[in-house]
1. What ranking, highest mean first, results for peptides 128-138, 143-153, 80-90 when packing means the other Cβ atoms within 10 Å averaged over each residue?
2. HN-Hα J couplings of segment 133-145 from phi, Karplus 6.51/-1.76/1.60, θ = phi - 60°, integer Hz, Gly and Pro as x?
3. Which part of segment 15-41 falls in the paramagnetic zone of residue 158, meaning amide N under 12 Å from the point 7 Å along Cα-to-beta-carbon?
Amino acid sequence: MKTRRVYSTPDMTLARRALNAAREAGVPDDDLSLIARHDIELDDIPEDRKDDHTDFKPAAVRGVAQGGAAGLVTGLVAMAFPPLGVTILGALGAAVAGAAVGGWSGALMGSAVPDPVRSKFEGEIEAGRILVVVDGDGAEGERADAAIVATGATPLPFEQPTALS
């Protein structure tokens, strides 16, 4: 499972150095992103490096998992009552319907919730600092941590498992 780590840098030059250090430590590009104040993001950060502003994707994944599990349990309980006439196919259909509804409702709720990194480090972002976000697992994450800190980036107190790892 990957762990999300966050580092603070004063400018884009140091943020780029930190990204390069993470890449050299073996972190793939898909696991690297940047967060900054809105005006900095518009001017300096390439689109593929921007982190999401909301909790949309993780909330959708959680919704699919929880809705699918709830639908499956409901379908299996319905199978226990023969007068209802629910078959295994019906239980699987309930699981699919639950996953669809769960994913949809989770995504809607997640789109309204700010990203946890943005919420926790709002002061850093408003001060004009650029946050480097790295999702790494095991030894790769430890190597990246040492390499990024060596560039002068400041590690921030944030380590969480990523929802999409």
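None of the figures in this text is laboratory data; all of them are computed from the coordinates on show. None of these values were measured; they are calculated from a predicted model. Neighbour counts are summed over all protein chains in view; Cβ atoms, including those assigned to glycine, are modelled from backbone coordinates with ideal geometry.
1. 128-138, 143-153, 80-90
2. Couplings: 10, 10, 9, x, 10, x, 5, 4, x, 5, 4, 5, 4 Hz.
3. Those under the cut-off are 33-37.
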